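So the structure is just underneath, and the comments pick up after that.
Computed from the coordinates by the stated procedures, all read-outs in this text should not be read as laboratory data. The structure displayed is predicted, hence computed values, not measured ones. Glycine gets a Cβ as well: all are built from the backbone with ideal geometry, and neighbour counts include every protein chain shown.
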Amino acid sequence: MKSSPLPYTDTKPKGAADFYFAINATFRFIHTRLGREGWIAYLKHLAQNYFHPVNQAWKKEGLKAVATYWKAFFDAEPDGDVEIQSSADEVVIAVRRCPTIAHLKQSGRKIVPFYCEHCALLGEARAAEAGLTMNVSGGDGSCQHIYRRAGELPPQDFTQIKEVSAC
């Protein structure tokens, strides 16, 4: 079987969009029960444990592995519109249409307003594990992620991430 940069194995070429319902509900449940700090702790635990093999590949192979991972990730996501640009110094992921936000809105789901912050929180923790820095700007279905070497980006400014608007 061909090796994948993703931390899971799957035989279908695209994921099932209905999984986004579970993610949104999980975020709501954790945030309601444990508060923002509990939700952040959950995401950091996920970043450091579930994504450990990917983080190690990023640490070993650098920004090239970051670009390879995100290309594979978005290739497996249904209905996204994403462009990934990479150079020796950075990886820029331009999400013009987030598959998650688009599907949740099209389905009339009430999306937790802070949903888009998870990309920054997970990304920041994962990047740190690999000796990188990461920032997100935008939100509400369209954003930009930037990865560079550690210390080359300012700390994440969460005011740069829009809350998700109602359907």
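Observations, loosely collected:
- Look at segment 59-84: where a residue is among the polar types (S, T, N, Q) and a partner is surrounded by 13 or more Cβ atoms within 10 Å (Cβ to Cβ), sitting 6+ places away or on another chain with Cβ atoms under 6 Å, you get T68/P5.
- For segment 48-89, taking the residues that are out of contact with any strand residue (DSSP E or B) (no Cβ under 8 Å at 6 or more places or on another chain) and among the β-branched types (V, I, T), the one that is nearest to T133 (Cα to Cα) is identified as V54.
- The residues on offer are G151, G108, and the sole one that is assigned to a loop (DSSP other than H, G, I, E, B), out of contact with any Cys (no Cβ under 8 Å at 6 or more places or on another chain) and among the small types (G, A, S) is G151.
Residue-by-condition table, conditions (1) surrounded by fewer than 21 Cβ atoms within 10 Å (Cβ to Cβ); (2) of a type outside the set (A, V, I, L, M, F, W, C):
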{"site": "V66", "(1), (2)": "no, no"}
{"site": "Y69", "(1), (2)": "no, yes"}
{"site": "D89", "(1), (2)": "yes, yes"}
{"site": "R97", "(1), (2)": "yes, yes"}
{"site": "K110", "(1), (2)": "yes, yes"}
{"site": "Y115", "(1), (2)": "no, yes"}
{"site": "A128", "(1), (2)": "yes, no"}
{"site": "M134", "(1), (2)": "no, no"}
{"site": "S137", "(1), (2)": "yes, yes"}
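- Filtered by the rule that a residue be in contact (Cβ under 8 Å) with a residue 60 or more places away in the chain and either at positive phi or buried (at least 20 other Cβ atoms within 10 Å of the Cβ) (or both), segment 146-167 gives Y147, V164.
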